[in-house]
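Student: Let me begin by handing over the structure; questions about it come next.
Computed from the coordinates by the stated procedures, all read-outs in this text should not be read as laboratory data. Quick caveat, the model's predicted, so the values are computed rather than measured. Cβ coordinates were reconstructed from backbone atoms using ideal geometry, including for glycine residues, and neighbour counts include every protein chain displayed.
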Amino acid sequence: MKIRVYQLAKELGVPSKQLVEELRKLGVDVTSHQSTIDDETADLLRELFKVEPVEEKKVLPLRPPVVTVMGHVDHGKTTLLDAIRKTRVAEKEFGGITQSIGASVVSYKGQKIVFVDTPGHEAFTEMRARGAMVTDIVVLVVAADEGVMPQTIEALNHAKAAGVPIIVAMNKMDRPGANPDRVMNQLSNMGLLPESWGGDTIYVPVSAIKGQGIEDLLEAILLVAELRELRADPSGPLKAFVIESKLDKGKGPLATVIVREGTLRVGDIVVVGSTYGKVRAMFDDAGRQVKEAGPSMPVEIMGLQDVPEAGTLVERVPDMDTAEAVAEEHRDAVRQAHQKVRKEFTLEELLSATGEEKPVLNIILKADTAGSLEAVQNAVRKIQTDEVELMIVHAGVGAITDGDVILAEASKAIIIGFNVRPVGKTHKLIEEKGIKVLTYRIIYDLVDDVANFLKGMLKPRQEEVVLGHAEVRRTFRVPRVGVVAGCYVTDGKVIRSGKVRVLRNGVIVAETGIASLKRFKDDVREVAQGYECGIGLENFQDIKEGDIFEVFTMQEVAG
Ligand code: GDP
């Protein structure tokens with residue numbers, strides 16, 4: 001751990017200049033208050049300036065809860081947020097939300113609640129992967145007439161993986177088909193047992209359109225917030241996160257930030273990732289200029305040099321020179337991170353992430369059908385070892401997606417695909433994030449490998465090397481030969497001796513050899529990226545336009 005001179009100066013309550021001088025006297029080569037010093041030197045100075053570590057903790061003031069609304073598309077997230085905002089307008093003298101800053105503050109019974117507009121659970125987890133946890137409570141919206149849908153489960157698992165308490169809003173209760181019992185039943189099976197059935201999850205029936213049940217929901221949020229005792233020090237060091245950003249023609253770069261600790265003020269000089277600036281003006285969720293924002297409050301800030309990414313930490317620094325230097329360091333760090341492809345997480349890294357007594361290996365399971373998913377889940381649950389506990393953080397049907405990869409990164413999980421593969425640009429993301437992805441077609445192999453992986457000795461019998469992908473643009477029926485696919489090689493290459501996995505929407509529909517590979521009329525051994533070719537497959541005729549041929553070879557691995 002390193003600390004900057006000015007940070008230590010602040011801690012010790014002495015001017016930075018004095019510290020710099022003191023350090024030089026000690027023979028430590030520092031150039032300015034931006035320089036970093038190591039722990040030992042810092043402790044030496046602490047000793048010198050005699051600050052006792054503060055023993056008794058002062059009771060910090062409560063802060064409003066920050067709530068994120070998630071759920072399946074069309075179940076009413078937007079309508080619900082609108083209905084909630086209207087409640088606030090009724091309580092205020094001046095209504096009218098003039099602009100959206102990506103979050104809004106609602107007052108209910110004299111208490112504040114902050115709602116974040118989430119673009120989706122992927123973005124939610126992406127923020128968490130970057131260390132920016134701003135959400136205290138998740139409201140999971142489920143349409144009571146439709147019940148639990150795939151994205152409901154995904155949202156639920158993302159929220160669970162983040163360890164955030166969940167309140168279920170059963171929406172569309174005005175609909176004739178509304179069946180709240182079914183929703184409670186479905187979600188009970190996923191670990192959200194209702195209070196009324198002896199569990200601890202609050203379910204609130206609402207109709208966003210009719211504005212019914214909104215107050216009950218707000219009441220539930222305040223109750224859960226009270227139990228969590230959300231506290232923060234408004235006078236402590238600033239910690240805030242960007243949740244949204246944009247470039248405005250007139251105002252320049254704008255960033256909405258939520259303060260976690262401390263207070264952000266107009267005039268503050270801040271570093272936001274690789275950009276920085278002096279906060280020239282701040283606006284609240286109603287577009288009004290404000291001078292400061294305390295814990296949990298969302299504000300849009302103006303004055304940054306550049307548009308920062310969502311999830312970036314906002315830090316306060318003493319002056320513009322420091323800001324520039326720190327931002328430059330961040331830029332370097334990002335550059336370096338981009339240069340080296342991240343190594344795959346090792347078993348030790350995966351297991352050490354948990355902090356539980358018994359190390360936990362988090363697993364994300366994806367399979368081609370609900371039936372096979374269940375079979376794989378059961379098989380994985382049966383794998384037992386004394387040393388490691390297996391935890392399925394998400395299980396779903398369909399291809400391995402960016403969302404799965406982001407969740408794997410945030411939860412330090414491995415991804416297991418059964419009869420499914422990653423599609424398109426997800427391959428690149430997997431590489432970037434260093435996620436371990438294991439895919440199988442036979443449950444027995446899967447169970448074997450996972451068990452071996454846990455023993456820290458995963459040695460595939462054969463190692464597979466993916467060579468490239470070709471997209472089927474047209475299909476032809478050739479007499480006596482069968483169906484031939486007119487393909488375009490989208491990346492890598494296709495080789496005549498390779499094997500092919502036929503992917504349809506990320507699901508493996510066949511795995512076979514190549515029977516023929518042609519450019520125009522000629523048989524060829526290899527076709528490179530950017531070229532068209534004709535491919536015939538061994539024993540597989542059911543080729544469809546839009547199928548992806550994943551071409552690979554197997555390499556024997558000794559051991
Ligand atoms: P989102 O995709 O989750 O943000 O869903 P929206 O808020 O856009 O709502 C999807 C559709 O459901 C819209 O046509 C809404 O008018 C409708 N809707 C939302 N809430 C209710 C409700 O409580 N009752 C009824 N009947 N319809 C609703």
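Student: A103's amide H: which non-local residues (gap 5+, or another chain) put their own amide H closer than 5 Å, with H modeled 1.01 Å from N in plane and none for Pro or chain starts?
Tutor: Those qualifying (amide H under 5 Å, at least 5 residues apart or on another chain) are D117.
Student: Same structure again: Tell me which chymotrypsin sites (Phe, Trp or Tyr not before Pro) from region 499-559 have a DSSP coil assignment and no more than 11 other beta carbons within 10 Å of their own.
Tutor: The qualifying sites are F520.
Student: Ok, one more. To the nearest 0.05, what FRET efficiency results for K518 and V483 with a Förster distance of 22 Å applied to their C-beta separation?
Tutor: 0.95
Student: Take the alpha carbon gyration tensor of region 204-271, find the square roots of its eigenvalues, order them as a ≥ b ≥ c, and report rounded if a/c is under 1.5; if not, report prolate when a/b exceeds b/c, else oblate.
Tutor: Oblate is the answer for region 204-271, as a/c is 1.5 or above yet b/c matches or exceeds a/b.
Student: If you take the charge dipole of the chain about its Cα centre, with +1 on Lys and Arg Cβ and -1 on Asp and Glu Cβ, which of V437, I101, I548 is farthest toward its positive end?
Tutor: Working it through, the farthest residue towards the positive pole turns out to be I548.
Student: May I ask for the distance between the Cα centers of region 377-421 and region 484-559, given as a whole number of Å?
Tutor: 28 Å
Student: Also, I was wondering about something else. What is the distance, in nm, between label points placed 7 Å from the Cα along the Cα-to-Cβ direction at L467 and at K25?
Tutor: Simple spin-label model gives 7.2 nm for this pair.
Student: Looking at A169, G250, V116, which one has the Cα that reaches farthest to the positive end of the dipole of the chain (charges on Cβ: Lys, Arg +1; Asp, Glu -1)?
Tutor: Checked the options; the winner is G250.
Student: Which length gain, in nm to one decimal place, applies between Q377 and M554 when the Cα-Cα distance is subtracted from 0.36 nm times their residue separation?
Tutor: Going from the current span to full extension adds 61.0 nm.
Student: Efficiency by 1/(1 + (r/R0)^6): what FRET value for N452 and E329, r their Cβ-Cβ distance, R0 = 41 Å, to the nearest 0.05?
Tutor: 0.45
Student: Another question, then. Report the full-extension gain for the segment D174 to D321: residue separation times 0.36 nm, less the Cα-Cα distance, to one decimal in nm.
Tutor: That works out to 47.0 nm of additional length.
Student: On to the next question. Within region 155-175, list the residues whose amide N lies under 14 Å from a label point set 7 Å along Cα→Cβ of I392.
Tutor: Flagged as within label range: 157.
Student: Hey, if you drop one equal point scatterer on each alpha-carbon of region 347-458 and run the Debye formula without solvent, what base-10 log of I(q)/I(0) do you get at q = 0.16 Å⁻¹?
Tutor: -0.67
Student: Separate question: Is the shape of region 2-48 best called rounded, prolate or oblate, per the rule: a/c under 1.5 gives rounded, else a/b larger than b/c gives prolate, else oblate, with a ≥ b ≥ c the square roots of the Cα gyration tensor eigenvalues?
Tutor: Since a/c stays below 1.5, the shape of region 2-48 is classed as rounded.
Student: Same structure, new question: Let me make sure I get this right: for region 259-338, a, b and c are the square roots of the gyration tensor eigenvalues over alpha carbons, sorted descending. Under 1.5 in a/c it's rounded, otherwise prolate if a/b > b/c, else oblate. Which is it?
Tutor: Prolate shape, in that a/c is at least 1.5 and a/b is the bigger ratio.
Student: If amide hydrogens are placed 1.01 Å from N in the peptide plane, which non-local residues have theirs closer than 5 Å to the one on K436?
Tutor: F345, I415
Student: With +1 assigned to the C-beta of every Lys and Arg and -1 to the C-beta of every Asp and Glu, and no other charges, what is the dipole magnitude of the chain about the Cα centre in debye, to the nearest 20?
Tutor: Dipole about the Cα centre, nearest 20: 1380 debye.
Student: Enumerate the calculated ³J(HN,Hα) couplings along region 163-176 in order (Karplus 6.51 cos²θ - 1.76 cosθ + 1.60, θ = phi - 60°), each rounded to whole Hz, writing x wherever the residue is Gly or Pro.
Tutor: So the J values, rounded to whole Hz, are x, 9, x, 10, 10, 9, 9, 8, 8, 6, 5, 6, 6, x.
Student: Treating the angle as unsigned and between 0 and 90°, give the value, to the nearest 10°, between the Cα long axis of helix 443-454 and the longest Cα principal axis of the chain.
Tutor: The answer is roughly 40 degrees.
Student: Sticking with this structure for a sec: Give the peptides 167-179, 189-201, 12-24, 423-435 in descending order of average Cβ contacts within 10 Å, highest first.
Tutor: Final packing ranking: 167-179, 423-435, 12-24, 189-201.
Student: With everything on Cα atoms, drop me the angle between helix 150-161 and the longest principal axis of the chain, reported from 0 to 90° to the nearest 10.
Tutor: The angle comes out near 50 degrees.
Student: While we're looking at this one, here's another question. Mean residue ellipticity at 222 nm from the helices of the chain, using -39,500 (n - 2.57) per DSSP H segment of n ≥ 4 over the full residue count, to the nearest 500 deg cm²/dmol?
Tutor: -8500 deg cm²/dmol
Student: Using amide H atoms built 1.01 Å from N in the peptide plane, name the residues 5+ places from I209, or on other chains, whose amide H lies under 5 Å from its own.
Tutor: K172
Student: I'd like the Karplus ³J(HN,Hα) series for region 505-518: coefficients 6.51, -1.76, 1.60, θ = phi - 60°, whole numbers in Hz, and an x wherever there's a Gly or Pro.
Tutor: Once θ is set to phi - 60°, the couplings for region 505-518 become 6, x, 9, 7, 9, 6, 9, 7, x, 8, 8, 8, 9, 10 Hz.
Student: I'd like the FRET efficiency for E195 and K291, computed as 1/(1 + (r/R0)^6) with the beta carbon distance as r and R0 of 60 Å, rounded to 0.05.
Tutor: After rounding, the FRET efficiency stands at 0.90.
Student: For region 1-86, report the translational diffusion coefficient in µm²/s to the nearest whole number, using Stokes-Einstein at 37 °C, 0.692 mPa s, and a Kirkwood Rh over Cα pairs.
Tutor: After rounding, the answer is 195 µm²/s.
Student: Now, a different point. Show me, for region 529-541, the HN-Hα J-couplings you get by feeding each phi into the Karplus relation (A = 6.51, B = -1.76, C = 1.60, θ = phi - 60°), rounded to Hz, glycine and proline as x.
Tutor: 3, x, 10, 9, 7, x, 10, x, 10, 6, 6, 9, 10
Student: Regarding region 66-228, what whole-number volume in Å³ per residue does the convex hull of its Cα atoms give?
Tutor: It is 109 Å³ per residue.
Student: Compute from the Cα atoms of region 500-559 the Rg and the Dmax, the latter being the longest Cα-Cα distance, and quote both in angstrom.
Tutor: 12.9, 43
Student: State, in angstrom, two size descriptors of the chain derived from its alpha carbons: Rg to one decimal place and Dmax to the nearest whole number.
Tutor: 27.8, 91
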